[in-house]
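Colleague: Have a look at the structure that comes next, please.
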Amino acid sequence: MLEAVRRREVDFAIGPVPEKKGELEFAPIFVDDYYAMLPRGYQDDGRASISLRELSKLPLLKLSSSTAFRDHVDNALKANGLSHQSNYEFMQVTTLVAMAEAGLGIALLPRVALPRRTPFKVVRIIGPALSRTIAIVTIRGHSLSPAAARLVEMCNKLIAAEHRAAEHGQTVMFVAFVRARSFL
């Protein structure tokens, strides 16, 4: 995705802000918290969150090591003196969720990738809280065409509406566009 912006194959992209930005410019639009999908039988005592330390002791299902999300989770484990050997890693979110549903372990995902309906208890990862910033990505100093600028404006409005609605357990129809899995 970032390469497509760099090569000017696309006017802009929507995705996570990387550590190394280079010639790209990132206009933040929302913070995407990280979650764990706990199986029904997991003793969570009604909590809405789980610590990274506790997760490190459980069988985790992770996205591929080629994703920025996975790098962020692994770096957070390391920075907190924790380690974890995952027996499984997946390229696609849908496969990861299906394997969690099959009982292979606990799925770790950013909020934008969580399925709308799930039999799992979905809890936020804390201690430390993990999140990433999702932004509009453009080439620094490059002006967008009027059509692209208008689309960015509409994306910003609709994404903001989606996040306000999500805070109240509601859905906005724009979710299909925002939830593209390729930027995980």
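Colleague: Would you confirm whether any residue within region 84-99 is of a type outside the set (Asp, Glu) and touching a Cys at 6+ places or on another chain (Cβ under 8 Å)?
Modeller: no
Colleague: In this structure, does residue 96 turn out to be in contact with a strand residue (DSSP E or B) (Cβ under 9 Å, 6 or more places away or on another chain), hydrophobic (A, V, I, L, M, F, W, C) and either open to solvent by 40 Å² or more (accessible area, probe 1.4 Å) or within 30 Å of residue 25 (Cβ to Cβ) (or both)?
Modeller: no
Colleague: Hey, which of the strands (runs of 3 or more DSSP E) in region 100-184, taking only ones fully inside, have at least 3 residues that are touching a helix residue (DSSP H, G or I) at 6+ places or on another chain (Cβ under 8 Å), modelled with pLDDT of 90 or more and open to solvent by less than 40 Å² (accessible area, probe 1.4 Å)?
Modeller: 106-110, 131-139
Colleague: Separate question: I'm trying to understand the selection: among the residues of region 1-35, which are small (Gly, Ala, Ser) and outside any strand (DSSP E or B)?
Modeller: 4, 22
The values are calculated or read from the model by the stated rules, or taken from the named source; none is laboratory data. It should be emphasised that the depicted structure is a prediction, and the values quoted were computed from it without experimental measurement. Because the Cβ atoms are built from the backbone with ideal geometry, glycine has one as well, and the counts that use them run over all protein chains shown. Side chains are part of the model used for accessible areas, which takes the heavy atoms of the whole protein and leaves out ligands, DNA and RNA. Shrake-Rupley method; radii C 1.70, N 1.55, O 1.52, S 1.80 Å.
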